[in-house]
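S.K.: Following this message is one structure expressed as structure tokens.
Values quoted throughout were computed directly from the atomic coordinates according to the rules given, and no laboratory measurement underlies them. Everything numeric here is computed off the predicted structure, so don't read it as measured data. Virtual Cβ from ideal backbone geometry, glycine too; neighbours counted across all protein chains shown.
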Amino acid sequence: MPIYFIKESRLKLTEKQLRHLRGLGHQRKVVVIIGNSGLSETVMAEIESSLAHHELLKVRVNAEERSDRDAMISAICTALDAVLVQRVGHVALLYRPAEPPRLSLTP
């Protein structure tokens, strides 16, 4: 399973840490949904706020084309310094540690 956009973040995670985060994210619900109007400042602010609160976040990107979804996810990761842990279809699992971190990266 490929991991996308890891190199765009200053945060480097090992495969073991990514696997652990995927396991933690499995039962989580989608918190932010990006509609047909795409990324706006309001949506980015909501994702920023949710990442600060949750650290691990599911985002649904409702774009028809795969390349559009990839571009939106890449823009989010770059702008908010987050790591894409996993992407399945329209749902992306993002991680950014809080200050101080609340999630442990070790199983």
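S.K.: To the nearest 500 deg cm²/dmol, what mean residue ellipticity at 222 nm is calculated for the chain from DSSP H runs of n ≥ 4 alone, each contributing -39,500 (n - 2.57), summed and divided by the residues? Intermediate results must be reported in sequence, preceding the final value.
M.R.: Values: 3 runs with 40 residues, N = 107.
Dividing the helical sum by the residues of the chain leaves -12000 deg cm²/dmol.
S.K.: If you don't mind, another one. Specify the angular offset, from 0 to 90 degrees and rounded to the nearest 10, of the alpha carbon long axis of helix 66-80 from the longest principal axis of the alpha carbons in the chain.
M.R.: Here the helix axis deviates by roughly 60 degrees.
S.K.: Here's another thing I want to ask about it. For a distance above 19 Å, tell me the whole-number percent of Cα pairs in the chain that qualify.
M.R.: Values: 2104 of 5671 pairs.
Taking all Cα-Cα pairs of the chain, the fraction more than 19 Å apart is 37 percent.
S.K.: Okay, next question. Could you work out how far helix 15-25 tilts from the main Cα principal axis of the chain, as a 0 to 90 degree angle to the nearest 10?
M.R.: Helix 15-25 sits at roughly 60 degrees to that axis.
S.K.: Please figure out what share of the DSSP beta bridges in the chain is antiparallel and state it in percent, rounded to the nearest 5.
M.R.: Values: 10 of 14 bridges.
The antiparallel proportion sits near 70 percent.
S.K.: While we're looking at this one, here's another question. Tilt of helix 41-54 relative to the longest C-alpha principal axis of the chain, in degrees (0 to 90, nearest 10)?
M.R.: Once rounded, one gets 20 degrees.
S.K.: Using θ = phi - 60° and the Karplus curve 6.51 cos²θ - 1.76 cosθ + 1.60, what whole-Hz ³J(HN,Hα) does each residue of segment 95-107 get, with Gly and Pro shown as x?
M.R.: 3J(HN,Hα) across segment 95-107, in whole Hz: 9, 8, x, 7, 10, x, x, 9, 8, 8, 8, 10, x.
S.K.: Okay, next question. What is the distance in Å between the Cα centres of segment 63-107 and segment 28-50?
M.R.: If we compute the Cα centre of each part, the gap is 12 Å.
S.K.: Under unit Cβ charges (Lys, Arg +1; Asp, Glu -1), what dipole magnitude, rounded to 20 debye, does the chain have relative to its Cα centre? Don't jump to the answer; show the numbers that get you there.
M.R.: Working: 15 positive and 12 negative charges, 116 e Å.
Here the size comes out at about 560 debye.
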